[in-house]
1. Can you list, largest first and rounded to whole Å, the semi-axes you get for segment 120-219 by taking the square root of 5 times each eigenvalue of its Cα gyration tensor?
2. How many percent of Cα pairs in segment 31-101 exceed 16 Å?
3. Figure the gain on full extension for residue 67 and residue 206 (residue separation times 0.36 nm, minus the Cα-Cα span) and round it to one decimal in nm.
4. By per-residue mean of other Cβ atoms within 10 Å, what is the highest-first order of 162-168, 116-122?
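A short reminder: the numbers here are calculations on the coordinates, not readings from a lab. Everything quoted here is computed from the prediction, not taken from an experiment. Note that each Cβ is placed from the backbone with ideal geometry, even for glycine, and that neighbours are counted across all protein chains shown.
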Amino acid sequence: MNTGLGRSEKAATRPTSRRAGRVEEGGEPTSEARVGELEAVIAWRVRTRSRELGLSAAELARRSGLSKPMISKVQAAQGSASLHTLVRLAAALEMPVTSLFQGLDEERDALFTRAGAGPELGRPGTRSGHRYQLLGSMRGPAKRMEPMLVTLTSAAEVFPLYQHPGTELLYLLEGEIDYGYGGAVYELHPGDALQFEGEVPHGPVRIPSLPVRFLSVTAYGTPPPEWEPAPGR
């Protein structure tokens, strides 16, 4: 589904070092930053694999034929290791030497949605002054969460009840609302949070103070169904 998040931005996530933040004019990382990033990735892979094998720094030094200070230096990303050192480390860790660089240039999607830029969704109550603004939607297997900013500007006589898969968290930002869940009613004030199972009927019961704004975050075990944009969007 095209969510309309035209202003969303992608960002890479990977192990970093203190030197990895320097960039050249034009936004490209400096050679020093790339070296620092490489050292951080190798250090992370060595530490992770050592834990998997249950090896201490001393045991890894013994298996690789390297000194313990050298092992500590590599694990702390302090200085560049020679190819000879990396080959010995990989053999001791029972992994291909190329695996030490895994994750260096991998990217993961990140969604950045500026204030007011999220698409509006059509849900029950939309025509009664209820606004549902999606704050981003990941793609594929990463789509495990649905954050939404809900704004209520009118007190309808009859509020719709909702049921959906997953677990939902409400965090009230503005106004007051009596929120029903199953047979209970919770009085929410700014700063209050309510978490519940989405399959149990829930929704507003009474709105003592308008407008109401709250953050709704639903977490799913499997990717959620797609919501349709609001009419006219």
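1. Listed largest to smallest, the semi-axes of segment 120-219 are 21, 15, 13 Å.
2. The calculated P(r) of segment 31-101 puts 38 percent of pairs beyond 16 Å.
3. Going from the current span to full extension adds 43.1 nm.
4. 116-122, 162-168
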